[in-house]
Each structure stands twice: as C-alpha cells, then as structure tokens.
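Chemist: Right, I'll just put the structure down here and ask away after.
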Amino acid sequence: QVQLVESGGGLVQAGGSLRLSCVMSGGTFSFYAMAWFRQAPGKEREFVATISRSGSTYFADTVKGRFTISRDNAKNTVALQMNSLKPEDTAVYYCAKSKYNSGDYYGNNYDYWGQGTQVTVSS
C-alpha cells in the first residue's frame, strides 16, 4: 500500500519562505506524477502545483512565480519550495500521488493523499 507523509509546515511571517517535503513508500515513486494541494479553513480544496514523471511542472496562477515543485526519485520525495509567502497561503497542504505519469489540477486523478501539514502565514 502507498503511503505519503508530509513535513516542513509551520508559522512564518508574510514575505518569508518554507520548504515542504513529502516521502512516498509502498510504491514505485518514479512511475507517477505528484502534486500539492491545499485547503484553507472554510474553503474547498485547491490545486497548487504538480510535477510529471519526466519533471515537467505546472502551477496554479495564485502561486506561479513564488512556488517551485521538485522531485528526487532516488529518495522517493517531492518538495514544494514556497517563497514570498502571503497570508492567503495559510492552509493545510497535502501531498498527492497521481494515477498517471502526468498530473493536472483535477483532484480525482490522484489516488493517494498524505495527512497534511499546516502552513500559517502571519501578516
């Protein structure tokens, strides 16, 4: 069975940076696209970024130019580097594994999810 575990969340002031990490076990990590989603209090789940098997990336307009997604297939990890953080970035961030080798913004295409890690950005 596939398991995903996120880490790296915390409290940061606006304009600061955080790096989230997600480790996958129980599957062949390099076969699949990976993604990050987030959910703020009272809001629906929102797509953040995805990275394909080959390393192609795609970002939501709200984070484009500020966030970077990367993967290390040797360590079965995917990371989200978050720079220039804003209070509206405050959310629980979830790592997700795609059913396919190229990801998109559609959450139903992701079959495994991590437990989430809290990111809080103060103004």
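The values are calculated or read from the model by the stated rules, or taken from the named source; none is laboratory data. Bear in mind that the values here come from a model prediction, so they are computed numbers and not experimental data. All Cβ positions, glycine included, derive from the backbone under ideal geometry; neighbour counts span all protein chains shown. With ligands, DNA and RNA removed, areas are computed over all heavy atoms of the protein, side chains included. Shrake-Rupley method; radii C 1.70, N 1.55, O 1.52, S 1.80 Å.
Chemist: Quick one: is Val121 closer than 24 Å to Gln1 by Cβ, at pLDDT 95 or above, among the hydrophobic types (A, V, I, L, M, F, W, C) and open to solvent by less than 80 Å² (accessible area, probe 1.4 Å)?
Modeler: no
Chemist: While we're here: Quick check: anything in the range 4-24 among the basic types (Lys, Arg) and open to solvent by less than 40 Å² (accessible area, probe 1.4 Å)?
Modeler: No, that holds for no residue.
Chemist: Scan the range 89-98 and give yes if some residue there is open to solvent by 40 Å² or more (accessible area, probe 1.4 Å), of a type outside the set (Asp, Glu) and assigned to a loop (DSSP other than H, G, I, E, B), otherwise no.
Modeler: No, that holds for no residue.
Chemist: Something else now. Limited to the range 99-113, what total is found for residues that are crowded, with 22+ Cβ neighbours inside 10 Å and in a loop (DSSP other than H, G, I, E, B)?
Modeler: 1
Chemist: While we're here: Out of all the residues in the range 70-88, which are assigned to a loop (DSSP other than H, G, I, E, B) and open to solvent by 10 Å² or more (accessible area, probe 1.4 Å)? Walk me through it before giving the result.
Modeler: Narrowing the range 70-88 to residues assigned to a loop (DSSP other than H, G, I, E, B): 73-76, 83-86.
If the condition is that a residue be assigned to a loop (DSSP other than H, G, I, E, B) and open to solvent by 10 Å² or more (accessible area, probe 1.4 Å), then Asn73, Ala74, Lys75, Asn76, Asn83, Ser84, Lys86 are the ones that fit.
Chemist: Gly15: modelled with pLDDT under 95, touching a Lys or Arg at 6+ places or on another chain (Cβ under 9 Å) and not acidic (Asp, Glu), yes or no?
Modeler: When the stated conditions are applied, Gly15 does not pass them.
Chemist: Check Ser56, Ser84, Ser17, Ser21 and return the single one that is of a type in the set (Ser, Thr, Tyr) and more than 19 Å from Thr120 (Cα to Cα).
Modeler: Ser56
Chemist: Next question, about the same structure. Go through Phe67, Phe29 for me and flag whichever is among the hydrophobic types (A, V, I, L, M, F, W, C), at pLDDT below 95 and surrounded by 14 or more Cβ atoms within 10 Å (Cβ to Cβ).
Modeler: Details: Phe67 fails: at pLDDT below 95.
Going through Phe67, Phe29 in turn, just one is among the hydrophobic types (A, V, I, L, M, F, W, C), at pLDDT below 95 and surrounded by 14 or more Cβ atoms within 10 Å (Cβ to Cβ): Phe29.
Chemist: Go through the range 33-53 and count every residue that is open to solvent by less than 60 Å² (accessible area, probe 1.4 Å) and either modelled with pLDDT under 95 or assigned to a loop (DSSP other than H, G, I, E, B) (or both).
Modeler: Selection size over the range 33-53: 3.
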